[in-house]
Amino acid sequence: MNGLVHAYFGKGVGKTSRAVGLSLRSLGNENSVSFIQFLKDGTSSEIMMLKRFTGFTYHCTGTLGFIFDREPVEEEYELASWGLDMCRKASRHADMVVADEILNAVGIGLIGVDDVLSLIDGKKEDTELIMTGRPGPERILERCHYATKFVMVSHPYAEGIPARAGVDY
């Protein structure tokens with residue numbers, strides 16, 4: 001079976017949840033899954049559950065959290081580069097590689113579009129590659145077999161309701 005390339009992008013919620021669901025499916029089929037998170041701090045509830053599965057590996061490369069209204073610091077460039085290296089290594093042996101928020105890392109300039117295209121080109125033929133994030137760079141989307149845009153219609157954060165553990169993270 002050839003491994004395909006997925007991009008789940010847009011401002012709507014559910015991109016990481018889609019990647020988690022695909023990971024569970026793959027693990028349920030006794031495949032190996034390597035899950036690399038960019039720009040998150042490693043405390044999402046779903047990760048705690050996934051770590052219990054045999055065949056699952058996890059790396060968090062964004063320990064400083066999301067970057068919304070500031071310029072990235074040098075450490076964030078280094079962490080993103082490390083995350084990209086982890087994705088490259090994993091894509092040579094794992095059945096599925098999830099690069100969660102990698103498209104955000106591209107969008108804020110921590111890594112380049114060409115870096116992601118190189119990741120796609122360098123993966124093992126039967127490795128499934130899942131990428132998430134808000135932006136959907138055209139050159140990346142052109143290389144994806146699955147490209148799904150998530151659109152936000154409403155969100156409780158707009159009403160002042162903070163993110164809730166077990167639901168939003």
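Every number here is computed from the coordinates shown, using simple stated rules; none is lab data. Just so it is clear, the model here is predicted, and its values are computed rather than measured. FYI the Cβ positions are ideal-geometry reconstructions off the backbone, even for glycines, and counts take in every protein chain you see.
Remarks
- Computed on the Cα trace of segment 85-148, the radius of gyration divided by the Kirkwood hydrodynamic radius gives Rg/Rh = 0.92.
- Relative contact order of the chain, defined on C-alpha pairs under 8 angstrom at six or more residues apart (%): 37
- Difference of contour (0.36 nm per residue) and Cα-Cα distance, ASP114 to TYR77: 11.8 nm
- Working from label points 7 Å from Cα in the Cα-to-Cβ sense, the ARG143 to GLU30 distance is 3.3 nm.
- A Förster radius of 22 Å combined with the Cβ-Cβ distance from HIS93 to LYS51 puts the calculated FRET efficiency at roughly 0.70.
- Each of ARG164 and TYR58 was given a label point 7 Å from its Cα along the Cα-to-Cβ line. The distance between the two points is 2.2 nm.
- For a modelled paramagnetic label at VAL151, 7 Å from Cα along Cα-to-Cβ, the residues of segment 113-141 in reach, with backbone nitrogen under 19 Å, are 133-138.
- By the count of neighbouring beta-carbon atoms within 10 Å, fewest first, LYS124, LYS11 end up ordered LYS11, LYS124.
- For the chain, the extents of the C-alpha atoms along the principal axes are 46, 32, 29 Å, listed from largest to smallest.
- Taking a Cβ cut-off of under 11 Å around LYS149, the surrounding Lys, Arg, Asp and Glu residues balance to a net charge of +3, with basic ones at +1 and acidic ones at -1.
- Note on segment 4-75 and segment 77-95: Cα centroid distance 13 Å, given to the nearest whole angstrom.
- Amide hydrogen neighbours beyond the local backbone of VAL98, cut-off 5 Å, H modeled: SER34, PHE35, ILE36, ILE130
- For segment 77-169, the set of GluC sites (Glu not before Pro) satisfying both a DSSP loop assignment and a count of at most 15 other C-beta atoms within 10 Å is given as GLU125, GLU142.
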